[in-house]
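Read through the structure below, which is laid out as structure tokens, and then see the notes.
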Amino acid sequence: MSILEIIGGVLLVIGSSFLFLGGLGIYRMPDTYNRLQAGTKATTLGGMSLVLGVGFLEPAWIWKALIIIIFIAYSNPISSHALARANYRRGHYPFIKSKDKENMDAYQEVVPHTKNKEDKL
Amino acid sequence: MQSLTLNQKLGRFIVNWVFLFLVWLMFTSTLFWQEVLVGAVLSMLISLASIRLFTCCTLSIFNPVKIFWMVWYFFVFLKLLVVANLDVARRVISPSLPINPGIVKFKTKLTTNYSKMVLANSITLTPGTLSVDVIGDTFYIHWIDVETTDPEEAFKIIAEPFEKVLLKIF
């Protein structure tokens, strides 16, 4: 086993465990925004290190892997921003745990709440 | 859309050409001259056609000082990305689910659209924050564990490490 294969294998394991944690986060979190938080971060680093691991295992693909990593870093946060914004404007307001419910949601000055309550999923 | 001077057009054209050509080289990953020639011609045509669309930066982006700060930004970003993932992992695994979510806002000093986009994307990938919307110079951020609702302090905690580097680049 060469050193490149060992690095590639380690990166694959790290990537898949972060992806697993992202999936677990989507299952456990209470509302869309928190699910997006868990999903976006974990899938970004998980996907990046998976692709980089593949690049190490197959050295001819390393440049393509780097391009894919750059595209993941650009597109992942944009998609989660679009989902969160559309979700808010559609009337699904964030779940707020603390007592001070008015001040915890600054975005309602842009999109006033039309429903009474935050509706949990 | 604002009208551009010839200098700006030329600068954007050259920057887009160089970046598209680099992407071509990485995708084909060969230096065989026929491939390189086709790539150069194609990326020139695309960057000519898209001068008004790709408005990221002008020729000043090739300034060595700016390139240094870009590399620096990359490392700041990478560090915070790893921290963010460990943070999410900690929250997801712990049985009590330690979250206190809410949406906070703050104002940025950045002016160009492109730099605001980079800042919003970076905020999404750093610990516990997700950018919901950017209106003018105001950012609305969903925070998984709200420490303060005051815009100034929120800015200091969330955006300051990125913004001071971005101000040097753009």
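The values are calculated or read from the model by the stated rules, or taken from the named source; none is laboratory data. All values derive from a computational prediction rather than experimental measurement. Using ideal geometry, Cβ is built from the backbone for each residue, glycine included, and neighbour counts are taken over all protein chains shown.
Here are the numbers for the structure shown:
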{"quantity": "Every residue from region B:143-160 that is over 22 Å from B:VAL76 (Cα atoms), within 10 Å of another protein chain (Cβ to nearest Cβ) and touching a helix residue (DSSP H, G or I) at 6+ places or on another chain (Cβ under 9 Å)", "calculated": "B:VAL146, B:THR149, B:PRO151"}
{"quantity": "Test: residue in region B:92-101 that is more than 9 Å from chain A (Cβ to nearest Cβ), modelled with pLDDT under 85, within 28 Å of A:PHE71 (Cβ to Cβ) and assigned to a loop (DSSP other than H, G, I, E, B)", "calculated": "no"}
{"quantity": "Residue in region A:1-22 that is farthest from the chain's Cα centre (by Cα), counting only those that are buried (at least 16 other Cβ atoms within 10 Å of the Cβ) and within 30 Å of A:PRO94 (Cβ to Cβ)", "calculated": "A:GLY15"}
{"quantity": "Residues located in region B:125-165, provided they are farther than 11 Å from A:GLN37 by Cα and of a type in the set (Ser, Thr, Tyr)", "calculated": "B:THR138, B:TYR140, B:THR148, B:THR149"}
{"quantity": "Test: residue in region B:134-142 that is facing chain A (nearest Cβ under 7 Å), under 25 Å from A:VAL111 (Cα atoms) and surrounded by 15 or more Cβ atoms within 10 Å (Cβ to Cβ)", "calculated": "yes"}
{"quantity": "Residue count, region A:75-94 (criterion: within 7 Å of chain B (Cβ to nearest Cβ), of a type outside the set (A, V, I, L, M) and closer than 16 Å to B:GLY128 by Cα)", "calculated": "4"}
{"quantity": "Search result, residues across region B:74-113 that are of a type in the set (D, E, K, R) and under 30 Å from B:ASP137 (Cα atoms)", "calculated": "B:LYS79, B:ASP87, B:LYS105, B:LYS107, B:LYS109"}
{"quantity": "Some residue of region B:42-51 being in contact (Cβ under 8 Å) with a residue 12 or more places away in the chain, in contact with a helix residue (DSSP H, G or I) (Cβ under 9 Å, 6 or more places away or on another chain) and among the β-branched types (Val, Ile, Thr)", "calculated": "yes"}
{"quantity": "Single match in A:LYS97, A:LYS64 (criterion: at the interface with another protein chain (Cβ under 7 Å from one of its Cβ atoms), of a type outside the set (S, T, N, Q) and farther than 30 Å from A:GLY47 by Cα)", "calculated": "A:LYS97"}
{"quantity": "Condition check for B:LYS109: basic (Lys, Arg), under 17 Å from the mean Cα position of the chain (by Cα), more than 8 Å from chain A (Cβ to nearest Cβ) and buried (at least 19 other Cβ atoms within 10 Å of the Cβ)", "calculated": "no"}
{"quantity": "Filtered residues of region A:34-50 (kept if in contact (Cβ under 8 Å) with a residue 24 or more places away in the chain and either touching a helix residue (DSSP H, G or I) at 6+ places or on another chain (Cβ under 6 Å) or farther than 18 Å from B:THR126 by Cα (or both))", "calculated": "A:LEU36, A:GLY39, A:THR40, A:ALA42, A:THR43, A:THR44, A:LEU45, A:GLY46, A:GLY47, A:MET48, A:SER49, A:LEU50"}
{"quantity": "Helices (runs of 4 or more DSSP H) (entirely within region B:109-170) containing at least 1 residues that are touching a residue at least 60 places away in the same chain (Cβ under 8 Å)", "calculated": "B:160-169"}
{"quantity": "Among (1) over 24 Å from the mean Cα position of the chain (by Cα); (2) crowded, with 16+ Cβ neighbours inside 10 Å; (3) assigned to a loop (DSSP other than H, G, I, E, B) - the single one B:CYS57 does not satisfy", "calculated": "(1)"}
